[in-house]
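> Structure in structure tokens, see below.
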Amino acid sequence: MESTLFHYRHLTPQQAEQRILESAQRCCQVEGTFTLLWHNTSLYQNWMAWRTTYERVLKQLMELQNGQVPEFVQNVATV
């Protein structure tokens with residue numbers, strides 16, 4: 001959840017994006033189901049950088065689901 005990454009982990013939107021995508025990739029490696037939970041209040045006003053992150057993450061997750069190799073996969077360490 002983006003609020004945990006921001007409020008408790010103190011990550012930037014870019015760091016959070018990388019962390020989310022790494023988790024999704026690990027999940028795919030073990031044939032698990034990745035679920036992304038995002039507050040709708042994080043999509044407007046003071047959270048616009050996080051909205052952009054949300055949009056980028058969704059795009060890359062769709063690529064991963066469709067069997068394409070998204071950019072982030074090249075940077076993910078093998079588990």
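> Looking only at residues that are within 19 Å of Glu63 (Cβ to Cβ) and among the hydrophobic types (A, V, I, L, M, F, W, C) in the stretch 1-29, which one is surrounded by the fewest Cβ atoms within 10 Å (Cβ to Cβ)?
Among them, the one singled out is Cys27.
> Being assigned to a loop (DSSP other than H, G, I, E, B) and either polar (S, T, N, Q) or more than 13 Å from the chain's Cα centre (by Cα) (or both) is the filter here; which residues of the stretch 1-42 pass it? Before the answer, list the steps.
Initial filter on the stretch 1-42 (assigned to a loop (DSSP other than H, G, I, E, B)): 1, 9-12, 30-39.
Within the stretch 1-42, Arg9, His10, Thr12, Val30, Glu31, Gly32, Thr33, Thr35, His39 meet the criteria.
> Count, please, the residues in the stretch 1-30 that happen to be touching a residue at least 24 places away in the same chain (Cβ under 8 Å) and of a type in the set (Phe, Trp, Tyr).
Qualifying residue count, the stretch 1-30: 1.
> If you take the residues of the stretch 43-73 that are within 16 Å of Gln14 (Cβ to Cβ) and at pLDDT below 60, which of them is surrounded by the most Cβ atoms within 10 Å (Cβ to Cβ)?
Only one residue fits best here, namely Phe72.
The values are calculated or read from the model by the stated rules, or taken from the named source; none is laboratory data. Everything numeric here is computed off the predicted structure, so don't read it as measured data. Here Cβ is always computed from backbone atoms with ideal geometry, including for glycine, and neighbour counts include all displayed protein chains.
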